[in-house]
Each structure stands twice: as structure tokens, then as C-alpha cells.
Amino acid sequence: MTSTSLEELRRSLAGTVVASEDAEYDAARRCFNALVDRRPAVIARCSGPGDVATALDFARSSDLEVAVRGGGHNPAGHCVVDDGLVIDLSLMRRVDVDGEARIARADGGATWLDFDSATQAFGLVTPGGVVGSTGVGGLTLGGGIGHLTAQHSLTCDNLVGAEVVTPDGTVIRASLDENAELLWALRGGGGNFGVATRLEFRLHPLERVVGGALAYSGEGVGEGFRRFRDLVATSPRELSCQAVLSVDEALAPILMVYPCYTGSDGNLEELRKLRSVPGLVDDGVRAQTFMDQQTLFDSPFGENRHYWKGHFVRELPDELFDELLQGIVALGRPPGGLLFESLHGAPKDTDGSTAVVGFRHAAFNVSAMATWEDAALDDQYIAWARDMAAAMEPWSFSGGGYVNYMQADEPIERVRAGFGAEAFERLRALKSRYDPDNVLHRNQNIPPA
Ligand SMILES: Cc1cc2nc3c(=O)[nH]c(=O)nc-3n(C[C@H](O)[C@H](O)[C@H](O)COP(=O)(O)OP(=O)(O)OC[C@H]3O[C@@H](n4cnc5c(N)ncnc54)[C@H](O)[C@@H]3O)c2cc1C
């Protein structure tokens, strides 16, 4: 890429171009995971589908590798590429809400904070991610598990349409009536088929929730965990629940449980059971706004190093929990945490043929999320996450992992297993149609057939 061609790109984009000589360069190349430190040749901050097509064309003619950036959260750091071109969607964050039709249309770079703020102004919601700065696009295209999964299913199940710019610069629409096969693939198949410049979601009424966090220590950790695990198996759809196992300042195990109840029972049996565990040390569960619920997992952007690995599991027997409980203290330092996301309720009731996502019939998504600051400890923390994932493997639902949480070193077998062999081949056929040269390969890649 020459300085003349860079000037040409600056002139032809309605958005802006950031290169290494620009003051914003370091901030623009940063991603959530501080383990990832890459230096792109150019960052094209696009303002719409036309800019995205121009950037793709520029990458092709300059022979630059392409990365697509939404919220910058993917732990693999796929949103940034050494010496290549980043299609950065961070200027495209508008969210339009049609309150009557209960539909929201989000630009491809919108974050969940953008989305929730817009939809909650109408008392509406779609089930999204639990951290406000995460990209709506990246999360949805990989599935989407959050505080309203039991109520309204996976995020991708609520995606009803999309505008996509394919690598050859064509703008196409996907909906149930138009390119329905592409919509099926966008519901979990990742950013493999094009750059989504608009995503359209079904909305649901929601004003307030009963949510927050419950903390257990000592004997309460095991009992709290068992109650969480057992009650989600039979709980009403109005109760979503996640849990995190980590350590306190004394490096002793601590369990946090995060219920999110949207029903009308003022004395819900499941919440009573969670609150009556001996060893409950903090009860922060209360009626609150959904926006408050969405701040529970807030975490700093670009400060910590992360390595995540896990499995969708068929069940969570005591034997596995005991092993994970030993593992959480094995490092002798705070390792980050183990996240348990229950997939009970709506994901199971949704017609699985409408989306490629292959994990809805698993019981839980269990993820070892190693989090640290010191680069000298990289190997230890990475080994810890791998050991924890290995412990889960005997109970794995399909051997596959969650594409949204995968690091870049996951083998293709884990991606294929996550979808199932048949769905994976169907995805490959679509990839051949929309991206035959695999331009969009910086993702959990689906190679063309
Ligand atoms: C702190 C944190 C919290 C999270 N919480 C949740 C959660 O609650 N639930 C959950 O399911 N996942 C969660 N995730 C995982 C998250 O959904 C994925 O990592 C997702 O890929 C992030 O999307 P992004 O746009 O922010 O990331 P980016 O790194 O910007 O993008 C990731 C990849 O997605 C693709 N992509 C993004 N936007 C587009 C687009 N518009 N068109 C085409 N391709 C696109 C590209 O391939 C890109 O490389 C979380 C991750 C973090 C770090």
C-alpha cells in the first residue's frame, strides 16, 4: 500500500481512515483482550454499506488481509490484523426502534449499551449480551447468551433480517422472505458471509426485572452451586440464571449466582431456594431496571489479558463440579473465573431448523475465563484454562466450543463440532457462494466448500 493509495482511500470514504501516523491509531487498534497487540496497515472507519464496499475493494486491489471490527470484544482478537485492513464499524452505531411493530434496526457497529438504551426507551428489549460495550453484530452472529435467554432464547433467534455487504461489494438482504438460507447462517455462523451493516431484531416488552447477584462462600459454594444447577432444570421460563465460580482476596472459592426474573411472582420459590443456602454472604437481588441488570458484568476494555476455553455440557455432575472447585484454587492466584450459563427455557422451545447454532440442546455453556495482567504469566494462565476445559470434556455436548468465546488457536474440528457435520457442510456451501476466496477468514472460519 502506497501513501498515494492511502490518500485515495481517505478521499473516497465518507467515514475516516486511521493509519499508524494518526493520533488515534493506538486506541483504534486496541481490542478487549490485551493479549492481542496487532498493527494494521490501515483502519477504515466506515459510515455505511457504501464505505464498507469501498474498503473491501481497496483491500482487494492493495492485496491486504481484511479484519472486521464491531465492538472489539472477541477474545481471539479477530477484529485486528497485522499489516492488513480493518473494516471498523464503530461509527455505525445507530439503533432505530419501531415500537408498534416491536422491531429494532441496529447498524453493524452498535453496542449492547446503544441497543438497550434505544429499546428500553420504548419498554422493549431483545435478549443480548451482558456487557454494554460488546458489539451487537459479533455477538448475534455467534449465537448470543445473556440475562434473558430462558425468556426469549438466543440473540440470533431474535434476528429477523440483515443487510450484508459481501466481499465483492454487493449489498444484499437476508430475511425469511429473501435469502432465507443466509439468514439461517447468520444465526450463529459468524461473520463468514459478509459485513452486516444492519441487523433487525424482534423485540419483547420488558420494564423491570428481579435480578442482581448472590454471593456464597465456604460451605455455601457447593450447596449454592447445586441449587443453581438443579433449579434451572425445572424453573419457569421467566427465570434466566448464570453463575461464576472464582476466588476471593484470601484465594478461597467464591460463587456468584446471577438470576434474572421477569415474571410476576413476588415470592418465587426458586429465588427463595437460592437465598436460603447457608453460606450466602451477600444478597444483592432486588427489583431493578433492565439497564441496571446489564451492568452486573461490566469489565474494563483492553486492560486485562484473556484466554477462554470451554465446552457446552450435557450435564454438570457433582464429580465435574468438584474437579472445577479444586481447579479454581490450583493456580495459587486469582485465575479469572469459571462461567456457567444455563440454556434452559426458550432455546429448547425454538425450532432448531431456523438457525445454524448447534448448542441449544446442551444444558450449560461452561467456560474457563483466565484473566490476568502480567505478560510473564501468560503460559500459566493459558495452561490453567486448557486444564479446566479438559476436565469438562467427558461431559461435553458435542466436543465443540462456543465460537463467541473461542481463542484463535482452536482447531477447525472444534468449530465443526459446535455446528455438527451436516450444518457445517451447509455453511461451507454458502461460504462458497458469498465469499469463495475466503476474504473474511479472520473469524472462527468456515472454509469454502
Ligand atoms: C466482556 C465480554 C462480555 C461478553 N459477553 C457475552 C455475552 O453476554 N453473551 C455472549 O453470547 N457473548 C458474549 N461475549 C462474546 C462476544 O459475543 C463475542 O466475542 C463477539 O464476537 C464480540 O463481538 P464484537 O463485535 O464486540 O467483537 P469484534 O471483536 O469486533 O468482532 C468479532 C468478530 O465478529 C465479526 N463481526 C463483528 N461485527 C460484525 C458485523 N457487523 N458484520 C460481520 N461480522 C462482524 C467479525 O468476524 C469479527 O472478527 C462477551 C465477550 C466479552 C469480551
*Taking 1 over the mean of 1/r across every pair of different Cα atoms in segment 353-449, what Kirkwood radius in Å do you get?*
15.0
*Return the long-range amide H neighbours of Val36 (sequence gap of 5 or more, or a different chain), with a cut-off of under 5 Å between placed amide H atoms.*
none
*How much length is gained on full extension from Arg428 to Arg11, taking 0.36 nm per residue of separation minus their Cα-Cα distance?*
146.5 nm
*Asp282's amide H: which non-local residues (gap 5+, or another chain) put their own amide H closer than 5 Å, with H modeled 1.01 Å from N in plane and none for Pro or chain starts?*
Ala215
*For the chain, with the dipole built from +1 on Lys and Arg beta-carbon atoms and -1 on Asp and Glu ones, taken about the Cα centre, which of Ile103, Leu331, Gly222 lies farthest toward the positive end?*
Ile103
*Using a simple charge model, +1 on the beta-carbon of Lys and Arg, -1 on the beta-carbon of Asp and Glu, nothing else, what dipole does the chain show about its Cα centre, in debye to the nearest 20?*
640
_Cα long-axis angle, helix 3-12 against the chain (0 to 90 degrees, to the nearest 10)_ = 80
*In whole Hz, what ³J(HN,Hα) sequence does segment 326-343 give by Karplus (6.51, -1.76, 1.60; θ = phi - 60°), x for Gly and Pro?*
5, x, 5, 9, 5, 7, x, 9, x, x, x, x, 10, 9, 10, 10, 7, 10
*Once you've got the GNM for the chain with C-alpha springs shorter than 10 Å, pick whichever of Thr371, Thr140, Thr170 has the biggest mean-square fluctuation.*
Thr170
*DSSP bridge pairs, the chain: antiparallel proportion in percent, nearest 5*: 90
_Could you work out what % of the accessible surface of the chain is carbon and sulfur, using a 1.4 angstrom probe and leaving DNA, RNA and ligands out of the count?_
48
*Hey, what do the phi angles of segment 233-242 turn into as Karplus ³J(HN,Hα) couplings, whole Hz, using 6.51/-1.76/1.60 and θ = phi - 60°, x for Gly and Pro?*
5, 10, 6, x, 4, 6, 10, 8, 7, 10
*Got a sec? What order do Lys431, Lys309 fall in by accessible area at 1.4 Å, biggest, i.e. largest, first?*
Lys309, Lys431
*Just the number, please: Stokes-Einstein D of segment 279-345 in µm²/s, Kirkwood Rh from C-alpha pairs, 25 °C, 0.890 mPa s.*
158
*GNM on the chain, C-alpha springs below 10 Å: top fluctuator among Ser12, Ser240, Ser396?*
Ser12
_Students often check this: by mean Cβ neighbours within 10 Å, which of 47-56, 385-394 ranks highest, and how do the rest follow?_
47-56, 385-394
*asked:* What Kirkwood Rh does the chain have if only Cα atoms enter the pairwise 1/r average? Answer in Å.
replied: 22.2
*Consider a paramagnetic label point 7 Å from the Cα of Asp96 along Cα→Cβ; state which residues of segment 184-202 have an amide N under 13 Å from it.*
198-201
*Provide Rg and Dmax in Å for segment 1-89, with only Cα atoms included in the calculation.*
11.9, 34
*Would you please state the base-10 log of I(q)/I(0) at q = 0.12, 0.22, 0.28 1/Å for segment 116-166, with intensities from the Debye formula using one equal scatterer on every alpha carbon?*
-0.26, -0.84, -1.21
*If you line up the long axis of helix 378-392 against the longest principal axis of the chain, both from Cα atoms, how many degrees apart are they, to the nearest 10?*
60
*In Å², what does the accessible area per residue of the chain work out to with a 1.4 Å probe?*
38
*Each label point is 7 Å from the Cα along the Cα-to-Cβ direction; what then is the distance between the points at Asp282 and Ser117, in nm?*
2.7
*What percentage of all Cα-Cα pairs in segment 230-383 are separated by more than 22 Å?*
50
*Any idea of Ile382's accessible area? Nearest 10 Å², probe 1.4 Å.*
30
*With springs only between Cα atoms under 10 Å, which of Leu338, Leu176, Leu124 fluctuates most in a Gaussian network model of the chain?*
Leu176
*asked:* On a straight-distance basis, which aspartates and glutamates could pair with Lys431 in a cross-link, Cα separation under 18 angstrom, same-chain partners fewer than 8 positions away excluded?
replied: Glu65, Glu163, Asp168, Glu178, Glu181, Glu413, Glu422
*Under 5 Å between amide H atoms, partner at least 5 residues away or on a different chain: which partners does Val160 have, H built in plane at 1.01 Å?*
Glu200, Phe201, Arg202
*Tell me, what is the 1.4 Å probe accessible area of Asp265, in Å² to the nearest 10?*
80
*asked:* I'd like the Karplus ³J(HN,Hα) series for segment 393-401: coefficients 6.51, -1.76, 1.60, θ = phi - 60°, whole numbers in Hz, and an x wherever there's a Gly or Pro.
replied: 3, x, 9, 4, 5, 9, x, x, x
*asked:* I need to check one value: relative contact order of segment 35-145, counting alpha carbon pairs closer than 8 Å and at least 6 residues apart, in percent.
replied: 25
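The values are calculated or read from the model by the stated rules, or taken from the named source; none is laboratory data. Predicted model only: the values in this text are computed from it and were never measured. Here the Cβ is made from the backbone with ideal geometry for all residues, glycine too, and neighbour counts use every protein chain on show. Quick note on the areas: whole protein, heavy atoms, side chains included, nothing else; ligands and nucleic acids left out. Shrake-Rupley method; radii C 1.70, N 1.55, O 1.52, S 1.80 Å.
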